[in-house]
Amino acid sequence: MKYIWLFLALSACAPLAALAADSAKPNLVVILADDLGINDLACYGRMDQPTPNLDRLAGEGLRFTSAYCAQPICSPSRAALLTGKHPARLHITTFLPGRPDAKSQKLLHPQISMQLPLAEKTLTEVLKEQGYATACIGKWHLGGPNFGPDKQGFDFVHAGQANTTPSADEGGKGEYDLTAQAVRFIDQHKDGPFFLYLPHNTPHIPLAAKAELVEKHKDAFNPVYAAMIESMDDCVGRILRKLDEHGLTGRTIVLFTSDNGGLHVHEFAGTPSTHNTPFRGGKGFLYEGGLRIPAILRWPGHLKPAVVDWPLVNTDWMPTLLALMGVPVSEGLDGVNVASALEGTAPPASRKFFWHFPHYNNQGGRPAGAVRDGDWKYIVYYDTEKAELYNLKDDPSETKNLAAGELGRLSELSKLHKAWLKDVGAQMNTENPDFDRTLFRRLYEDFDPSRPPLAKTAAEMEEQMKAWRQLMNEAVRGNGKSKK
């Protein structure tokens, strides 16, 4: 009889032991902004856009000054974040479904994959196997109905609306609806473990925000954009307070970052959205303004608050987060596990970073590749074969092309880049038989969209770029006409 009682007692304890083991697992919250630039937050030095909640997050965690996106445009960067693989390897190298070819292009776009392949194992699927409840609340942008987040490991999915009419209860990008859903998910799974992926539509164009906030920020570079940043910051604050309310702050890893650099050119009415000073370029470019993104990682009691200056790229987040969480890291990833460096052991060994962006885009970018090796940055344009070389330590704004005086280094980085392209199976461009050389000159040479003259306000810059924008739009619609 005593053995029967012992068996029953042990059986009763088994679920409790399993529950205790699950409660010891850290939760994960990843908040992804859409087109947020490297200097758009006050904690990164932006004085006309206060962000108290994100400043708090940065003060309690790690703030990265050299965090890179794997591609300076949305879909491929999101794919890299969730899979730990290079966009070039995934053949998702521009936004889905991509921009049509135009006569102004010397090269045609390569054919891309129109979705994240279901065979790719995501961060979500790995955590789901570990017993995590999972939610994707917000923008997916990695495939249609049969390739949505529900097919990639997410239990709960709520896309929300990308654009909403600002009101007392909502902003211009559906951010408060997404936040309400996120808060509800945390309430429902407070006993954990859970993974909340919250990809906002903020601050992507078209820009819209509450009128009273726009008025409040009337002296900002772009008042509407600054108002949108305040709303996003408020929404982040609601998530942080909910974690506090449930006593989950010390048990939850929070990562806040962006998919790519800020929009620095005129594209829609009321743009440019922002400027990425002191960095050159922005969304759609392989210059630092397009590649550097804000990144803040907090895990109280485990990660000591600090400013991290050494570089990493968002393909690194999957292996790094898994390692921090005590979950076996998947094999075959392009990302590097830097968890030990974040925990204070030592900075990671010096490494090289590679990019392949074989596309013309709406921001004025052209097909190009890049390598960062230490302080050196190599960029090559595929359509003109022009190579550029910058020393980021001495020239973070990438204003002085040192290629002519560093031919040996230039050759070495070129060979490294070509070898990497072959290794990842990158798709390349082909010649455009309908190429219009005059249109190309007018769009990309007469005006350099990687560094438009910076004015005091976005409105002034919009006026300066209206003619260029009209020409770009006409070229993409197939109406571009050469003017000698």
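Here are the numbers for this structure:
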quantity	calculated
Boolean, Ala387 is modelled with pLDDT under 95, surrounded by 15 or more Cβ atoms within 10 Å (Cβ to Cβ) and of a type outside the set (Phe, Trp, Tyr)	no
Pairs with Cβ under 7 Å, 6+ apart, first in region 142-170 and in contact (Cβ under 8 Å) with a residue 60 or more places away in the chain, second exposed (fewer than 13 other Cβ atoms within 10 Å of the Cβ)	none
Which listed residue, of His200, His204, His189, is over 23 Å from the mean Cα position of the chain (by Cα) and crowded, with 20+ Cβ neighbours inside 10 Å	His189
In region 339-376, residue farthest from Gly290 (Cα to Cα) [restricted to those that are in contact with an Asp or Glu (Cβ under 7 Å, 6 or more places away or on another chain) and surrounded by fewer than 22 Cβ atoms within 10 Å (Cβ to Cβ)]	Lys352
Residue in region 216-224 that is over 18 Å from Arg46 (Cα atoms) and either crowded, with 20+ Cβ neighbours inside 10 Å or over 18 Å from the mean Cα position of the chain (by Cα) (or both) present	no
Pairs with Cβ under 6 Å, 6+ apart, first in region 406-435 and closer than 16 Å to Ala387 by Cα and without any contact (Cβ under 8 Å) to a residue 40 or more places away in the chain, second of a type outside the set (Gly, Ala, Ser) and surrounded by 11 or more Cβ atoms within 10 Å (Cβ to Cβ)	Glu406/Leu389; Leu410/Leu389
Glu120 vs. criteria among the acidic types (Asp, Glu) and either closer than 20 Å to Lys283 by Cβ or assigned to a loop (DSSP other than H, G, I, E, B) (or both)	yes
Test: residue in region 282-295 that is in contact (Cβ under 8 Å) with a residue 12 or more places away in the chain, closer than 28 Å to Pro26 by Cβ and among the basic types (Lys, Arg)	yes
Some residue of region 328-336 being surrounded by fewer than 21 Cβ atoms within 10 Å (Cβ to Cβ), β-branched (Val, Ile, Thr) and out of contact with any Pro (no Cβ under 7 Å at 6 or more places or on another chain)	no
Within region 1-92, helices (runs of 4 or more DSSP H) holding 3 or more residues that are over 25 Å from Pro117 (Cβ atoms) and modelled with pLDDT under 95	2-24
Residue check, Thr179 assigned to a helix (DSSP H, G or I), within 18 Å of the chain's Cα centre (by Cα), crowded, with 21+ Cβ neighbours inside 10 Å and of a type in the set (S, T, N, Q)	no
So Lys377, is it closer than 30 Å to Val265 by Cβ and under 22 Å from the mean Cα position of the chain (by Cα)	yes
Filtered residues of region 111-136 (kept if touching a Phe, Trp or Tyr at 6+ places or on another chain (Cβ under 7 Å) and either surrounded by fewer than 21 Cβ atoms within 10 Å (Cβ to Cβ) or of a type outside the set (Gly, Ala, Ser) (or both))	Gln115, Leu116, Leu118, Thr124, Leu127, Tyr132, Ala133, Thr134, Cys136
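For (1) within 28 Å of Asn362 (Cα to Cα); (2) in a strand (DSSP E or B); (3) in contact with a Cys (Cβ under 7 Å, 6 or more places away or on another chain); (4) of a type in the set (S, T, N, Q), each residue gets a yes or a no:
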{"residue": "Thr257", "(1), (2), (3), (4)": "yes, yes, no, yes"}
{"residue": "Asn276", "(1), (2), (3), (4)": "yes, no, no, yes"}
{"residue": "Phe285", "(1), (2), (3), (4)": "yes, no, no, no"}
{"residue": "Leu297", "(1), (2), (3), (4)": "no, yes, no, no"}
{"residue": "Thr315", "(1), (2), (3), (4)": "yes, no, no, yes"}
{"residue": "Ser340", "(1), (2), (3), (4)": "no, no, no, yes"}
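The values are calculated or read from the model by the stated rules, or taken from the named source; none is laboratory data. This structure is a prediction, so every number in the text was calculated from the model and none was measured. Backbone-built Cβ (ideal geometry, glycine too); neighbour counts: all protein chains shown.
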